[in-house]
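For reference, the structure discussed in these notes is given below.
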Amino acid sequence: MQRKLFISLFLIVLVALSAACQPVQPVEPAPAAAPEVPVPGGENRIVLATTTSTRDSGLLDVILPMFEEEYGIDVDVVAVGTGQSLKLGEDGNADVVLVHARALEDAFMEAGHGVRREDVMYNDFVIVGPPDDAAGIAGGSEAAAAFAQIAAAEAPFVSRGDDSGTHVKEFEIWAAAGVEPAGDWYISAGQGMGAVLTMADEQQAYTLSDRATYLARTLEGTDLVIAVEGDPILFNPYGVIAVNPDKNPQIKGDVANQFIDWLVSLPTQEVISGYGVEAFGSPLFVPDSEAWRNR
């Protein structure tokens, strides 16, 4: 009960920044460049396939050096969408995956692609858009209703379009709204979260973002503001999975489990709990490992 209450409070406690700018004419997005993908193997290194939000928020830059220094193991990060991260694991091209789409994670485990999954942390998604708010959704608390208004107004909306956890969540919200998005107003970017926020800012469009990446972007400068937040459907949990070593003889199962043990341990969870507090007054992620919940 306390955890549910904390989640509810977390979803409504943070507020957005606002600014104004002249609208920019929409442009056709360029296709995403294929990331360079290291493969498991090599002494003292592992491959971590993860969602772009853990990179774009800056979290990995803070915590991974701690692991590398403590254990003498380099972590090669491949930051792509959740769907692509899980595919890398399925194909045996990663030792560990860190993602945020629980249904896809459960399917991955049930198919035998992973051998261990642990809760790591959570935050929430927010619907962001231009200050002039052409769809009139600002201040709302129901994500599906906001999406329905965006579609009705045919206001520009930039979608991740990349089978990421954010993309999966977006379509969950469209389904709840009873809308199949299509038309010139709906832009499928095929890009990571940071790039999509840049596109939405340039085109004065709406988009769905994890809160951490959006807030990190405000430090660089953006005119996008949070329009809708606090709906339980916007809850965003992250999980870490050790890939089945049978996928590739080069996969380091022991090191993968060592990494997971470290990630969900109390000292690392404590670091996660403080990340973002100095800049924003609240953490960008809330620790959620079993050890943290039972402390």
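For this structure, a couple of remarks:
- Those residues of the stretch 54-108 which are of a type in the set (Ser, Thr, Tyr) and farther than 27 Å from residue 215 by Cβ, in sequence order: 71
- Residue check for residue 279: over 27 Å from residue 44 (Cα atoms) and more than 18 Å from the chain's Cα centre (by Cα): yes
- Criterion (assigned by TED's automatic domain parsing to the domain that holds residue 145, crowded, with 19+ Cβ neighbours inside 10 Å, within 21 Å of residue 100 (Cβ to Cβ) and polar (S, T, N, Q)) met by exactly one of 268, 207: 207
- Count of the stretch 105-138 residues which are closer than 28 Å to residue 276 by Cα and of a type in the set (A, V, I, L, M, F, W, C): 8
- Members of the stretch 42-74 found to be crowded, with 24+ Cβ neighbours inside 10 Å and of a type outside the set (A, V, I, L, M, F, W, C), listed by number: 50, 51, 52, 53, 54, 57
- Condition check for residue 251: in contact with a strand residue (DSSP E or B) (Cβ under 9 Å, 6 or more places away or on another chain) and not in a helix (DSSP H, G or I): yes
- Residue list for the stretch 80-100, restricted to those being modelled with pLDDT of 95 or more and among the small types (Gly, Ala, Ser): 85, 89, 92, 94
- Options 121, 199: the member that is crowded, with 17+ Cβ neighbours inside 10 Å and either charged (D, E, K, R) or outside any helix (DSSP H, G or I) (or both): 121
- In this structure, residue 229 does not qualify as surrounded by 20 or more Cβ atoms within 10 Å (Cβ to Cβ) and under 20 Å from residue 85 (Cβ atoms).
- Being assigned to a strand (DSSP E or B), in contact (Cβ under 8 Å) with a residue 12 or more places away in the chain and crowded, with 21+ Cβ neighbours inside 10 Å is a description that does not apply to residue 256.
- For the stretch 239-263, a residue qualifies if it is under 29 Å from residue 218 (Cβ atoms) and either over 21 Å from the mean Cα position of the chain (by Cα) or among the β-branched types (Val, Ile, Thr) (or both), and exactly one does: 240.
- Test: residue 240 is in a loop (DSSP other than H, G, I, E, B), over 17 Å from residue 128 (Cα atoms) and in contact with a helix residue (DSSP H, G or I) (Cβ under 6 Å, 6 or more places away or on another chain): no
- Considering the conditions (1) crowded, with 20+ Cβ neighbours inside 10 Å; (2) outside any loop (DSSP other than H, G, I, E, B), residue 284 is excluded by exactly one of them, (2).
- Among the candidates 161, 165, residue that is outside the structural domain of residue 247 (by TED's automatic domain parsing), farther than 20 Å from residue 228 by Cα and of a type outside the set (Lys, Arg): 161
- Scope the stretch 57-96; condition of a type in the set (Val, Ile, Thr), over 17 Å from residue 285 (Cβ atoms) and either touching a Phe, Trp or Tyr at 6+ places or on another chain (Cβ under 9 Å) or not in a strand (DSSP E or B) (or both); matching residues: 73, 75, 80, 96
- When the stretch 169-194 is limited to residues that are at pLDDT below 95 and part of a helix (DSSP H, G or I), the one that is farthest from the chain's Cα centre (by Cα) turns out to be 194.
The values are calculated or read from the model by the stated rules, or taken from the named source; none is laboratory data. If you're wondering where the values come from, they're calculated on a predicted model, not measured in any experiment. When we count neighbours, we look across all protein chains shown, and the Cβ atoms used for this are built from the backbone with ideal geometry, even at glycine.
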